[in-house]
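Asks: Starting off with a structure, shown below.
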């Protein structure tokens with residue numbers, strides 16, 4: 001007997017923790033632990049190891065008569081490719097604010113969704129965009145140049 | 001003669017004739033609800049009705065007590081449930097095919113277009129009703145003890161309602177849907193604004209993780225559509241149904257709707273027309289007395305001034321249900337649900353607008369993605385959820401604009417709430433914001449100081465003033481809630497009617513520039 005016989009308790013408030021309650025709690029705790037471990041396993045499911053998306057590397061054939069400062073947008077891609085005296089470079093046209101596709105214009109780029117503006121080198125001139133448009137890695141090859149949408153390079157890198 | 005009557009064949013014949021009445025009696029054991037007793041058994045003997053108590057207080061039956069807003073919300077949910085299941089007969093959740101199937105529903109399926117319209121309108125009615133219902137519960141101070149937990153559940157229901165609307169928005173796979181979800185998913189990614197500023201994105205990119213789990217890919221595509229479809233037709237409705245069950249059950253367990261302390265004196269005149277069941281206050285509820293500690297809410301208060309829920313409450317509920325159905329039908333008849341051209345991931349809709357109830361958010365998102373999309377909404381949601389734990393006063397419970405300050409404070413808060421949000425917006429629209437003046441300003445400064453946060457700080461300041469002025473937490477809550485409600489309205493109206501291509505300000509959509 002763990003309870004002192006002098007201690008008066010009503011049947012609604014029994015002794016603090018009888019052995020049976022302790023065993024019950026232990027069983028409950030182990031069940032909760034098992035539950036959380038399996039939940040953790042299941043929660044990994046929604047994030048696939050490889051995500052389904054088209055290849056990020058593609059080659060472009062630039063038109064020979066592309067004027068300096070004019071954007072060439074490869075069909076089906078969100079990239080603007082330019083050529084000037086120093087070489088070829090590619091700027092992503094995915095807005096750094098909320099992912100709309102920016103449109104090249106005379107001063108640089110403008111975003112139709114929330115009015116962000118970017119200069120010709122992709123730096124932010126107005127609106128809510130938190131970062132400049134990234135420059136993408138361009139290398140020679142394929143049918144002219146190969147652009148890798150996943151690899152960004154320092155602003156000003158031309159090939 | 002008696003012998004012949006008692007033959008088995010005759011008995012079979014008599015039984016057969018009485019089959020309908022026997023089935024009826026087996027279903028409704030108590031008999032027709034004609035006396036107080038059978039009216040009670042009509043309620044507690046029915047699995048769907050017994051969430052109600054058998055008698056309802058006269059105060060709660062007054063139109064101004066609830067305005068039927070909770071039942072309108074429930075009715076709208078039931079309507080979306082029925083029409084949604086019907087739409088699932090034809091809808092195919094795969095990019096491009098989804099768009100074609102909505103077209104089929106619109107043009108080929110008999111009544112398909114009408115069902116889709118009803119579904120869309122009922123969803124809108126539900127959002128409006130759930131917001132008004134929350135405002136009603138707040139302004140009548142119904143969130144207080146013992147109803148804190150039910151306010152919490154209601155808060156979960158608000159989030160679930162908005163999530164259901166948002167996930168449904170993608171399913172038609174048109175331009176409107178595609179770009180609204182692209183923006184929504186990128187809002188989920190916007191904690192990057194903070195991690196970038198701290199320079200820890202490469203180690204801890206919570207934003208990208210949220211976005212990828214939501215979309216199942218790095219852009220809105222087939223994986224995203226299946227995910228949104230699953231959430232919309234399965235996960236969220238189940239969550240909703242479970243929360244609703246708890247919400248309704250708790251109303252009863254918390255002792256019915258919130259009522260003023262002197263409620264019985266107030267309804268006395270009405271009550272004289274009705275007969276109370278018994279007049280002595282019960283000292284305990286017998287069945288629970290041995291098992292449950294403490295008092296159940298009904299103990300100590302007699303059932304005076306209550307009337308049987310059948311028919312008084314149920315007929316009122318039925319009336320509201322029919323009213324809601326009528327509203328949805330009329331709206332569906334006069335206005336078609338929109339369907340733009342097929343989604344094109346390369347050309348954004350201009351302007352790309354979310355559903356109207358998110359346009360207030362989109363307005364502040366256009367200043368800072370993180371603050372507008374996550375920071376301020378989170379603050380509001382957490383604040384809303386905690387109201388019952390931060391205001392524990394008792395004055396004014398169950399009364400409109402009850403508590404110190406009252407309707408007058410709410411009036412002043414409305415003026416202040418409208419004036420400040422309109423002023424800050426007008427300033428930002430007319431003069432631009434920090435980046436226009438200082439092009440090299442760090443992003444973190446804009447994230448912290450933008451029209452959205454300025455309005456929030458102004459509201460918080462006013463609320464603290466009200467709290468001190470009336471020396472009451474309820475007054476502070478009244479001021480803050482009213483201000484945010486007004487801010488929500490102002491931002492939503494600006495986002496809906498005054499923003500055009502490139503999210504520029506226009507007095508009227510007819511001024512929109514060609515693009």
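The values are calculated or read from the model by the stated rules, or taken from the named source; none is laboratory data. Please read all numbers here as calculations on a predicted model, not as lab measurements. We place every Cβ from the backbone using ideal geometry, glycine too, and count neighbours over all the protein chains shown.
Asks: Exactly one of (1) part of a loop (DSSP other than H, G, I, E, B); (2) within 14 Å of chain B (Cβ to nearest Cβ) is unmet by residue A:118. Its number?
Replies: The failed condition is (1).
Asks: Further, regarding this structure: Which residues, counting only those in region B:342-363, are assigned to a helix (DSSP H, G or I) and more than 10 Å from every other protein chain (Cβ to nearest Cβ)? Break it down stepwise before answering.
Replies: The first filter runs over region B:342-363 and keeps only residues assigned to a helix (DSSP H, G or I), leaving B:356-363.
Selection gives B:356, B:357, B:358, B:359, B:360, B:361.
Asks: Which one of these is crowded, with 21+ Cβ neighbours inside 10 Å, within 24 Å of the chain's Cα centre (by Cα) and closer than 20 Å to residue B:144 by Cα: B:478, B:491?
Replies: Values: B:491 fails: closer than 20 Å to residue B:144 by Cα.
After applying the criteria, what remains is B:478.
Asks: May I pose another question? Please enumerate the residues belonging to region A:103-115 that are assigned to a loop (DSSP other than H, G, I, E, B), more than 9 Å from chain B (Cβ to nearest Cβ) and crowded, with 22+ Cβ neighbours inside 10 Å.
Replies: Step one: filter region A:103-115 for residues assigned to a loop (DSSP other than H, G, I, E, B), giving A:106-107, A:111-115.
If we keep only those that are more than 9 Å from chain B (Cβ to nearest Cβ) too, we end up with A:106-107.
Passing the criteria: none in range.
Asks: Given the options B:346, B:361, name the one that is more than 20 Å from the chain's Cα centre (by Cα) and either under 28 Å from residue B:99 (Cα atoms) or in the same structural domain as residue B:497 (by TED's automatic domain parsing) (or both).
Replies: Details: B:361 fails: more than 20 Å from the chain's Cα centre (by Cα).
The unique qualifying residue is B:346.
Matching residues to (1) more than 14 Å from every other protein chain (Cβ to nearest Cβ); (2) in contact with a helix residue (DSSP H, G or I) (Cβ under 9 Å, 6 or more places away or on another chain); (3) loosely packed, with under 12 Cβ neighbours inside 10 Å:
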residue: A:50; (1), (2), (3): no, no, yes
residue: A:64; (1), (2), (3): yes, no, yes
residue: A:79; (1), (2), (3): no, no, no
residue: A:86; (1), (2), (3): yes, no, yes
residue: A:93; (1), (2), (3): no, no, no
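Asks: Among the residues of region B:396-412, are any crowded, with 20+ Cβ neighbours inside 10 Å, at pLDDT below 85 and either under 30 Å from residue B:211 (Cβ atoms) or under 26 Å from the mean Cα position of the chain (by Cα) (or both)?
Replies: No, because not a single residue in region B:396-412 is crowded, with 20+ Cβ neighbours inside 10 Å, at pLDDT below 85 and either under 30 Å from residue B:211 (Cβ atoms) or under 26 Å from the mean Cα position of the chain (by Cα) (or both).
Asks: Can you tell me which residue among B:221, B:154 is more than 21 Å from residue B:373 (Cα to Cα), within 9 Å of another protein chain (Cβ to nearest Cβ) and modelled with pLDDT of 85 or more? Even if it seems obvious, please write down each step before you answer.
Replies: Values: B:154 fails: within 9 Å of another protein chain (Cβ to nearest Cβ).
Residue meeting the stated conditions: B:221.
Asks: Any residue in region A:73-88 that is modelled with pLDDT of 85 or more, under 26 Å from residue B:442 (Cβ atoms) and in a strand (DSSP E or B)?
Replies: For region A:73-88, residues modelled with pLDDT of 85 or more, under 26 Å from residue B:442 (Cβ atoms) and in a strand (DSSP E or B): absent.
Asks: Residues of region A:52-62 being away from chain B (no Cβ under 12 Å), modelled with pLDDT of 80 or more and either over 25 Å from the mean Cα position of the chain (by Cα) or in a loop (DSSP other than H, G, I, E, B) (or both), which ones?
Replies: Step one: filter region A:52-62 for residues away from chain B (no Cβ under 12 Å), giving A:55, A:57-62.
Filter again for modelled with pLDDT of 80 or more, leaving A:57-62.
Passing the criteria: A:60, A:61, A:62.
Asks: If we keep just the residues of region B:180-215 that are facing another protein chain (nearest Cβ under 7 Å) and buried (at least 21 other Cβ atoms within 10 Å of the Cβ), which is farthest from residue B:96 (Cα to Cα)?
Replies: That would be B:193.
Asks: Moving to a separate point now. Go through region B:417-515 and tell me which helices (runs of 4 or more DSSP H), entirely inside it, have 2 or more residues that are closer than 21 Å to residue B:357 by Cα and touching a residue at least 40 places away in the same chain (Cβ under 8 Å). Explain how you work it out, then say what you get.
Replies: Working: elements: B:434-437, B:443-448, B:451-469, B:473-497.
Counting at least 2 such residues, we get B:451-469, B:473-497.
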